[in-house]
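Everything on this sheet refers to the single structure shown next.
The values are calculated or read from the model by the stated rules, or taken from the named source; none is laboratory data. Just so we're clear, the structure is a prediction, and the values are computed from it rather than from any experiment. As a convention, Cβ positions derive from the backbone with ideal geometry for all residues, glycine included, and neighbour counts pool all protein chains shown. These accessible areas exclude ligands, DNA and RNA; they are computed on the full protein's heavy atoms, side chains included. Shrake-Rupley method; radii C 1.70, N 1.55, O 1.52, S 1.80 Å.
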Amino acid sequence: MTKRILIVEDDDDIASIEKDYLEVSGYEVHVEEDGAKGLSEALTGIYDLFLLDVMLPNMDGFEICRKLRDKTDKPIMLVTAKREDIDKIRGLGYGADDYIAKPFGMMELVSRIKAVLRRTGRIKTDTSE
């Protein structure tokens, strides 16, 4: 079964590249560019993982993460240009499963998503490798 990922990212170029890499890797991807709309989509749609930018219009990724964690145990990853330890601590404290600082390689992002899904039991590990 194809895993579904919601990306909430206001930079069209970054969202497009993330979406392309994830789709090539076999995921179904939906993108929202606004924090409030992203939260609404996350709460009403069916997704296996949420990939949230931190700095978003109308609601930041930290707030989305906090509100989602109150409602679901699905994996949440924060993607941001905020590199300070306090920001990482804050995001993880709100319930994020991973925090990746920009800039990053797309293959790293895909690998981290696979690892988070594996850790949270959303994908099974192929033991034949």
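Quick notes on this one:
- Residues that are within 23 Å of residue 120 (Cβ to Cβ) and open to solvent by less than 50 Å² (accessible area, probe 1.4 Å) within region 3-14 comprise 3, 5, 6, 7, 8, 9, listed in sequence order.
- Residues of region 57-76 that are in contact with a strand residue (DSSP E or B) (Cβ under 9 Å, 6 or more places away or on another chain) and open to solvent by 40 Å² or more (accessible area, probe 1.4 Å): 60, 69, 74.
- Checked against (1) at positive phi; (2) part of a helix (DSSP H, G or I), residue 58 meets all criteria but (2).
- Residues in region 17-50 that are open to solvent by 50 Å² or more (accessible area, probe 1.4 Å), in contact (Cβ under 8 Å) with a residue 60 or more places away in the chain and aliphatic (A, V, I, L, M): 1 in all.
- Verdict on residue 92 being modelled with pLDDT of 90 or more, open to solvent by less than 70 Å² (accessible area, probe 1.4 Å) and either part of a helix (DSSP H, G or I) or in contact with a strand residue (DSSP E or B) (Cβ under 9 Å, 6 or more places away or on another chain) (or both): no
- Total residues in region 1-52, condition charged (D, E, K, R), assigned to a helix (DSSP H, G or I) and within 23 Å of residue 103 (Cβ to Cβ): 6
- For region 100-113, the count of residues that are on the phi > 0 side of the Ramachandran plot and either surrounded by fewer than 21 Cβ atoms within 10 Å (Cβ to Cβ) or modelled with pLDDT of 95 or more (or both) is zero.
- Scanning region 78-109 for residues that are touching a helix residue (DSSP H, G or I) at 6+ places or on another chain (Cβ under 6 Å) and within 14 Å of residue 27 (Cβ to Cβ) yields a single hit, 106.
- Unique residue being under 19 Å from residue 117 (Cα atoms) and aliphatic (A, V, I, L, M) when the list is 59, 77: 77
- Every condition in (1) crowded, with 18+ Cβ neighbours inside 10 Å; (2) modelled with pLDDT of 95 or more is met by residue 79 except one, and the failing one is (2).
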